[in-house]
Amino acid sequence: MSQISIRGLALGAASTCREMSSSPSSAFRKVTHCIFDMDGLLLDTERLYTEVTQSIAEPYGKTYTWEIKQAIMGLQRDEAAEAIVAALELPLTPAEYVQISTEHINRVMEECQLMPGAERLVRHLHQHNIPIALATSSGSDSVEVKTKNHRELFELFGHKVMGSSDPDVKEGKPAPDIFLVAASRFPDPPEPTQCLVFEDAPNGVTAAIAAGMQAVMVPDPNIGEDQRKHATLVLRSLEDFRPEQFGLPAFA
């Protein structure tokens, strides 16, 4: 039985479905717009990032641990590089690390696959004219590489905010900037309370909640309960998402 957690409370899927179907508005606000993170949420890139980072750290006798990875998830490129160099005590400057890691990443990221349920949900929302935006900490060049084999799907997004290369995003996650910028760029911009954010990282969830938005979290299984508790809804997979719980059109 898949597990669903609402504000940190783990429930069996069957009992959760009964509870939510009987009174969906009691738990969640109705929304009109959706904003998606990308890495680890729509695209299976986190595993590749881990492999690349460890390949850089290994020659120096260092290990890229889960604790370090969890701390940097959702950070913008330069912030993540600075944190990794410091945590692993690498004999590199953050700029040197960015250069080396970018070369590695560009070689492996073209083959990244979509996460389960991602394509179905994005296409469903688009087909029902729900405004959708991408809000990723990755820069434009990185997004171009990662989405190369999924170009048509990512063109369904009305706009994309790429934090590492967008001058309007002054601070990266966990600051709310990226989601507020994404909301402001919708035609007839909605109030933050009308937006639903999809995230996989604790920093991203914190940013969404700080922006005044609800956050659906699809975390890595290694992320502890204490790092999930601020999410509006926690799911095992995007395949488990029920749009009608937030006033969106249900799947057929």
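Annotations for the structure displayed:
- Proximity of backbone amide H atoms, modeled 1.01 Å from N, is registered between L43 and M115 at under 5 Å, excluding neighbours fewer than 5 places apart on the same chain.
- Acute angle (nearest 10 degrees) that the helix 13-22 long axis makes with the longest principal axis of the chain, alpha-carbon atoms: 50
- Over the chain, the alpha carbon radius of gyration divided by the compact-protein estimate 2.2 N^0.38 Å works out to 1.00.
- Residue-span extension gain [E171 to T93] - 0.36 nm each, minus C-alpha spacing: 26.0 nm
- Total charge dipole magnitude, the stretch 137-252, about the Cα centre, Cβ charges on Lys, Arg, Asp, Glu only, Debye to nearest 20: 60
- Among the GluC sites (Glu not before Pro) within the stretch 101-168, those in coil by DSSP and having at most 11 neighbouring Cβ atoms inside 10 Å are E155.
- Here the calculated FRET efficiency for D188 and S237, from their Cβ-Cβ distance with R0 = 35 Å, stands at 0.65, rounded to the nearest 0.05.
- Length gained when the stretch S140-E58 is fully extended (0.36 nm per residue, less Cα-Cα span): 26.7 nm
- Distance between the C-alpha centres of the stretch 124-173 and the stretch 210-231: 20 Å, rounded to the whole angstrom.
- Straight-distance crosslink candidates among lysines, where the alpha carbon sits under 22 Å from K170 and sequence neighbours closer than 8 are dropped: K160
- Entry note, the chain: the mean residue ellipticity at 222 nm calculated from DSSP H runs of n ≥ 4, each adding -39500 (n - 2.57), is -10500 deg cm²/dmol after division by the residues and rounding to the nearest 500.
- Taking 0.36 nm per residue of sequence separation and removing the Cα-Cα distance, the I100/R151 pair yields an extension gain of 15.8 nm.
Read-outs: derived from the displayed coordinates by stated rules, not from any lab. Keep in mind that this is a model prediction, so the values were computed, not measured. Glycine also receives a Cβ, built like all others from the backbone with ideal geometry; neighbour counts cover every protein chain displayed.
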